[in-house]
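Any read-out appearing in this document is the output of simple, stated calculations on the displayed coordinates, not a laboratory observation. The structure presented is a predicted model; accordingly, all values stated were derived computationally and were not measured. Cβ atoms come from the backbone with ideal geometry, glycine included; neighbour counts cover every protein chain shown.
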Amino acid sequence: MNILSTCLIKGFLLGCIFIGNPETTVVAASPGKISGNTTPLQALAVTDTGLPQACADNLITTILISEAPTIILDSKIGTFSAEAGTQQQPPYPDYYYVDGFNFPPGQVVQIVLSDPSGAFLLSTTGNADDFSTTIEVKAGIDKRIEEMIIVKYEPKEPGNHVATILHASDGAESKTLTLEGNATSPMPVELISFKAVTQTKYAVLNWATASEQNNSHFEIELSRAEANDFRSIGRVTSKNINSNILTNYSYQHLLTGKAETLYFRLKQVDIDGTYTYSKIVALEAPATGTSEILLAPNPIEPSTRLTIFTTEHGLVKIRVFNMSGKEVYIQNLLIYAGENSISLEMYNKISPGIYMLTTEFNNVVSRLKLIKD
């Protein structure tokens with residue numbers, strides 16, 4: 001190839017004067033795509049230095065003149081990144097152009113991918129069944145080759161991968177393009193959903209996984225202090241230590257009965273003890289009133305018991321008022337997290353009628369109607 005001068009054209013080729021065969025092809029590199037043109041002898045005026053006037057005026061900064069078949073690669077492909085074991089889906093964002101000049105019509109450029117890892121594949125169409133490690137592109141009747149090559153990166157193992165693409169044809173200088181990829185290890189658990197809802201006196205957590213690898217269990221963590229003071233409140237064992245199927249999980253957490261914001265997250269623990277955290281979900285727990293206490297049977301009998309559900313331990317104050325608002329019974333006792341069944345020793349102490357029973361626990365007051373026949 002005879003390089004007359006260095007030229008950069010802004011979008012199109014203006015032309016060039018040279019001494020020699022008027023059918024010689026002029027090849028120019030623009031900021032965008034490679035372009036070429038055939039220029040007659042008298043196309044542009046020449047300066048006294050022998051350069052085209054356009055070059056002297058800084059309109060063009062590179063001109064290449066060649067009569068041999070020439071391969072030019074136009075690539076802006078950077079380093080690939082993906083999670084090992086995943087499959088890339090169309091549309092494929094990574095591609096480059098192969099341009100050729102002065103090729104006899106029908107002459108083939110062989111494109112051969114050398115990839116020890118098997119992570120890369122090539123295609124000219126992007127169809128799923130059209131990716132391979134070898135491609136042939138042919139010159140048209142205009143002696144040109146213009147082909148877009150799509151590159152797909154689907155690493156099977158984590159790590160760094162390097163591949164080369166050789167572009168070769170008879171009579172042309174071969175060109176090589178290097179590909180680099182970085183594959184990360186797949187997450188041990190692919191969590192696709194995690195939600196929290198209230199159902200009566202419970203916060204119900206539901207989550208689902210699309211795949212699990214060496215998964216031991218999930219720990220459920222709760223915070224009441226602006227999502228910065230998490231503590232473990234439960235554990236759910238993995239249903240599938242290793243799987244690639246949809247798996248659903250659920251966990252119920254007993255509410256205190258007071259209006260508050262609760263923050264939940266999952267701690268996913270592998271068999272080897274390593275762990276990752278899920279996103280944090282917030283739940284607005286309403287004041288549940290009578291839903292946290294149960295009196296049965298009611299109308300009361302000597303065997304009637306008061307059941308209090310709570311997630312914390314502490315002192316509860318139980319009081320009973322008649323319809324005039326007079327306190328007729330009071331009892332203070334310590335209760336614990338979970339279900340507390342309390343015997344009320346008041347059956348023989350109150351007259352038949354309608355009463356109001358209240359419980360006060362952690363500054364939350366709950367009320368229910370008490371009847372004695």
Note to self: For the stretch 128-216, give me every one of the strands (runs of 3 or more DSSP E) that falls completely inside it and has 1 or more residues that are touching a strand residue (DSSP E or B) at 6+ places or on another chain (Cβ under 9 Å) and within 16 Å of residue 82 (Cα to Cα).
What the structure shows: 145-153, 159-168, 175-184, 189-199
Check: Restricting attention to the stretch 74-120, which residues are surrounded by 13 or more Cβ atoms within 10 Å (Cβ to Cβ), more than 23 Å from the chain's Cα centre (by Cα) and more than 28 Å from residue 171 (Cβ to Cβ)?
Finding: 117, 118
Check: residue 256: in contact with a Ser or Thr (Cβ under 8 Å, 6 or more places away or on another chain) and not charged (D, E, K, R), yes or no?
Finding: yes
Check: Does the stretch 289-309 contain at least one residue that is touching a helix residue (DSSP H, G or I) at 6+ places or on another chain (Cβ under 8 Å), in a strand (DSSP E or B) and either hydrophobic (A, V, I, L, M, F, W, C) or surrounded by fewer than 14 Cβ atoms within 10 Å (Cβ to Cβ) (or both)?
Finding: yes
Next item on the list: Can you tell me which residue among 328, 365 is without any contact (Cβ under 8 Å) to a residue 60 or more places away in the chain, part of a strand (DSSP E or B) and farther than 30 Å from residue 264 by Cα?
Entry: 328
Next item on the list: Would you check if there is a residue in the stretch 236-243 being closer than 29 Å to residue 339 by Cβ, of a type outside the set (Phe, Trp, Tyr) and not in a strand (DSSP E or B)?
Entry: yes
Next item on the list: Just give me the residues in the stretch 68-125 being of a type in the set (Phe, Trp, Tyr) and assigned to a loop (DSSP other than H, G, I, E, B), in sequence order.
Entry: 92, 103
Notebook entry, point to check: Restricting the search to the stretch 262-274, which residues are in a strand (DSSP E or B) and exposed (fewer than 13 other Cβ atoms within 10 Å of the Cβ)?
Noted result: none
